[in-house]
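Shown next, in structure tokens, is the structure this report addresses.
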Amino acid sequence: MGTSRADTYLITGGSGYFGYRLACSLLQRGAKILLFDMSPPSQELPEGITFLKGDVRDYVQVVEAVTGIDCVFHIASYGMSGREQLNRRLIEDVNVQGTEHILRACVERGVPRLVYTSTFNVVFGGQVIEGGDETLPYLPLHLHPDHYSRTKSIAEMAVMAANGTALEDGSGVLRTCALRPAGIYGPGEQRHLPRIVGYIEAGIFRFVYGKPSSRVEFVHVDNLVSAHMLAAEALSSDHQHRSAGQAYFISDGRPVNNFEFFRPLVEGLGYSFPTLRLPVSLIYFFAFLTEMIHHLIGPIYNFQPLLTRTEVYKTGVTHYFSMAKAKAELGYEPREFNLDEVVQWFRSRGHGKKPISPLKRLMVDIFLVAAFVAVVLSYLPVVGSLSVVSGSQ
């Protein structure tokens, strides 16, 4: 792909699953990489990849990290899923202030290129989107059902606005672009898949929701790595800076029902796929109640919500996007993957269906029935208002 051996890349949040995979791919192209994160990766660092402990909320540390860097991949963020979505202060500090620090430091230290890892959510807030493209406007900030999506939108706007800013060393201008990925998967992914497998193994995954025809998208980690490398190249003068100031949706390009996508994982681990289907509006209301309970007792007991409102929308409401712009301007060609490697990864670590005692099965069934009845009883008086909130999906 033409990466020069002189190129040095900084990856914020580089110790995470995706950041480390990106670093290893860049290393194979002869680049030098600096991982900037609050803790080192769990894997051993190959020669050519250096770890620098730091926090994007600390501007002095950010300035030190970007010094001598040719291109920044700004991946670091907070609040994507689960109980993290409910920590508004930390989400704001990392996603908005952290991005402002990165942009300011790049200008101060003469970094010419920055690729920002954004999200589908900057345009999506529960409304149906079929084959959307980059001409879609940002979702109005007050319509975001979660603070993560709102702050990622603010941060992406800042990244786009910074494109063309003169560098303080007089060497040129900062060129920026943003990639908006779907949900990431792959063997060893640590944010979403272990939580899903945990629900499956605990016997909680007893129902699906939303219309069978609903479609969402995912992106394999290797496709996302490829897209980031192509975007960084397209910011360079060798490629006429063609990605500068641009945003791109990135996925595998294969819309699929969310639950059907995970069927091979459920059945591959030896479990039965659920047949009970519930309406999105009911699950949304359950998630709303869960968030309210977390708000009340979270400071004392920071439990993991089964689902948040945003997670309900992202998994149960159709939204998928065209890859035409990424293909035309970046040369992005997603490879086809499935969940076979993911299933093998979990099985190799001892996951899979094991015999369950009759007492444990009875306790799980009682809990699920009680929770379902409580939610239904709470839901019945407000059916009319919920259908408006959830878009009647």
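Brief remarks on what is shown
- Residue check for Pro145: under 19 Å from Gln85 (Cα atoms) and assigned to a loop (DSSP other than H, G, I, E, B): yes
- Test for Arg206: is it modelled with pLDDT under 95 and of a type in the set (Lys, Arg): yes
- Matching residues in segment 336-350 - criterion: being in contact with a helix residue (DSSP H, G or I) (Cβ under 6 Å, 6 or more places away or on another chain) and not in a helix (DSSP H, G or I): Leu339
- Positions within segment 269-285 being farther than 19 Å from Gln127 by Cα and either crowded, with 19+ Cβ neighbours inside 10 Å or of a type outside the set (Phe, Trp, Tyr) (or both), in sequence order: Leu269, Gly270, Ser272, Pro274, Thr275, Leu276, Arg277
- Here the condition is being more than 27 Å from Gly126 (Cα to Cα) and either touching a Leu at 6+ places or on another chain (Cβ under 7 Å) or among the basic types (Lys, Arg) (or both); of Arg254, Arg263, Arg309, Arg242, it holds for Arg242 alone.
- Residues that are within 17 Å of Val342 (Cβ to Cβ), aromatic (Phe, Trp, Tyr) and either surrounded by 22 or more Cβ atoms within 10 Å (Cβ to Cβ) or in contact with a His (Cβ under 8 Å, 6 or more places away or on another chain) (or both) within segment 213-267 comprise Phe218, Phe262, listed in sequence order.
- Answer residue from segment 144-160, given it is at pLDDT 95 or above and charged (D, E, K, R) and is surrounded by the most Cβ atoms within 10 Å (Cβ to Cβ) among those: Lys152
- Subset tally (residues that are more than 13 Å from Thr50 (Cα to Cα), free of Cβ contacts under 8 Å to residues at least 40 places away in the same chain and among the polar types (S, T, N, Q)) for segment 19-39: 1
- Index of the failed condition, Val312 passing every other in (1) touching a Gly at 6+ places or on another chain (Cβ under 7 Å); (2) at pLDDT below 95: (1)
- Residue selected from segment 284-308 under the condition assigned to a loop (DSSP other than H, G, I, E, B) and among the β-branched types (Val, Ile, Thr), by the criterion farthest from Phe205 (Cα to Cα): Ile300
The values are calculated or read from the model by the stated rules, or taken from the named source; none is laboratory data. Just so it is clear, the structure is predicted and the values come from calculations on it, not from any experiment. So basically every Cβ, Gly included, is an ideal-geometry build from the backbone, and we count neighbours across all protein chains shown.
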